[in-house]
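**Q** One structure, pasted below without further comment.
What follows is calculated from the coordinates using simple rules that are stated; it is not laboratory data. Just so it is clear, the model here is predicted, and its values are computed rather than measured. Counting neighbours? That spans all protein chains shown, and the Cβs are built from the backbone with ideal geometry, glycine included.
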Amino acid sequence: MKKLLALLMCVAITLSFAACANSTTPAATAADTQPATTDAATTTTEEAATEEVEWPTQAITVLEPYAAGSTSDLCQRLICSMMEKDLGVPMVVKNVVGADGATCYTELKNSKPDGYTLGHVQHSGLCIGVFLNDLSYSAEDFYYFGSTSPFDHCVSVAASSDIYTLDDLMAWAADQDQVVVAYSGYVNVFNAMNLFRVKGLEDKIVCIAYDDNPAQAVVSGDCDVCVWQKAGTRSTAESGNLRIIAALATERWADIPDVPTAREQGYDVLSIGHAYFAAPIDTPDYIKEKLQASFDKCIASPEYQEQMAAMGWTNYYLNHDEATAYIYEQREVAKEYLTELGLINN
């Protein structure tokens, strides 16, 4: 437990005129200035209306917390390629990698709320990471259009090992001084801990975060086991150097049906994470409405659904209201769990 606590806490983030004129003739001054005030108000109203009609008029930057080519990045680029056709301006993905997403979310929160900077935010950073680090943002700082890539999670080991089941993994781990677990997303630290707790081996694990592809760290021999999302793990396993031994899902996946669930193997661990398309909370309503309509159109399109399936994603879509409620609900669940583990004080 001390190793896990030290690991989690070391990911700390350092973030980091109106003029009045006196007049001796108040009545005359009021009369003189009234037309000008009316004209100014009319002009301001007309400008605002023009902005609403014309937005967007320039490229939109979409911040992505993980590396180019990652599953999250691929999903983000798919959505942007479809939305930009609808909105009529380029949507440029900017990868802002670091601190399990916190660097990206901090930049998003501090960006101008004009609709020209959006972001792809992840469940674990919003619901778990906020308790483990001194961050300048919270879930309330963002408006969530809905969920994008859902993340089913799984457990994998090197294909050259003699480990084929979770019981094999635990039997091997029992003889080790420590087990190095590669992960991405705080939720997978919990997944790993829950799995090893079944056999009382949670104190043996040392978790190392990878912003890109943690499964590759197992292939290269840098780590012993990977607990990460299914889509990226599956693509790495296709090289023949990685073996998926457990799905942290309610049932077996159609695209890799030979992989049993953890529950089938006697380990009651289930994990589904989400990513969300978001904007700074103070973004004007008319911009949110345009973006919301375009995002909903993209998610509902057959093209998006087909490409999701081709990349091995399961569609657990949450709309704006569902996503917002789920984030706040899961944040409370994470808070209780972290308190139970002794990682934070309630």
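**Q** What is the distance in Å between the Cα centroid of the stretch 210-278 and that of the stretch 156-202?
**A** Cα centres, the stretch 210-278 to the stretch 156-202: 12 Å.
**Q** Still on this structure, I have one more. At 0.36 nm per residue, and after removing the present C-alpha to C-alpha distance, how many nm does the segment from I281 to S138 gain when stretched out fully?
**A** 50.4 nm
**Q** Let me ask something else. Across 10 Å bins from 0, what is the distribution of all Cα-Cα pair distances for the stretch 152-247, in whole percents?
**A** P(r) for the stretch 152-247, in whole percents per bin: 18, 58, 23, 0.
**Q** As a test, work out the antiparallel percent of DSSP beta bridges whose residues both lie in the stretch 152-247, rounded to the nearest 5.
**A** Given both bridge residues lie in the stretch 152-247, the antiparallel proportion sits at roughly 55 percent.
**Q** Sort W172, W228 by Cβ crowding within 10 Å, fewest neighbours at the top.
**A** With the sparsest Cβ surroundings first, the list reads W172, W228.
**Q** When the Karplus curve 6.51 cos²θ - 1.76 cosθ + 1.60 is applied with θ = phi - 60°, which whole-Hz ³J(HN,Hα) does each residue of the stretch 283-300 get, with x for Gly and Pro?
**A** My calculation for the stretch 283-300 gives 4, x, 4, 5, 6, 4, 5, 5, 5, 4, 5, 5, 5, 4, 4, 5, 4, 7 Hz in order.
**Q** List, in order, the whole-Hz ³J(HN,Hα) value for each residue of the stretch 79-84 obtained from phi through the Karplus relation with A = 6.51, B = -1.76, C = 1.60 and θ = phi - 60°; use x for Gly and Pro.
**A** Calculated HN-Hα couplings, in order: 5, 5, 5, 8, 5, 5 Hz.
**Q** Then there is this: Please find the FRET efficiency linking Y337 to A293, where r is the Cβ-Cβ separation and R0 is fixed at 30 Å, and quote it to the nearest 0.05.
**A** FRET efficiency, Y337 to A293: 0.25.
**Q** Amide H to amide H, which residues 5 or more places from H274 or on other chains are under 5 Å from it, using H placed in the peptide plane?
**A** Sorted by chain and number, the residues that satisfy this are H123, S124, F151.
**Q** Continuing with the same structure: Can you return the lysines within cross-link range of K112? Criterion is Cα-Cα under 29 Å, with same-chain partners fewer than 8 residues away left out.
**A** K85, K94, K288, K290, K297
**Q** Residue by residue through the stretch 71-77, which ³J(HN,Hα) values in whole Hz follow from phi under the Karplus form 6.51 cos²θ - 1.76 cosθ + 1.60 (θ = phi - 60°), with glycine and proline marked x?
**A** 4, 4, 5, 5, 5, 4, 5
**Q** Determine the gain in length on full extension of the stretch D203-D258; use 0.36 nm per residue of separation and subtract their C-alpha separation, reporting nm with one decimal.
**A** Net length gain for the segment: 16.8 nm.
**Q** Taking the Cβ of A262 as the center, what net charge do the other residues with Cβ under 12 Å away carry, scoring Lys and Arg +1 and Asp and Glu -1?
**A** -3
**Q** Which distance in nm do the two modelled labels at Y164 and E303 give, with both placed 7 Å along the Cα-to-Cβ direction?
**A** Distance between the two pseudo-spin positions: 4.5 nm.
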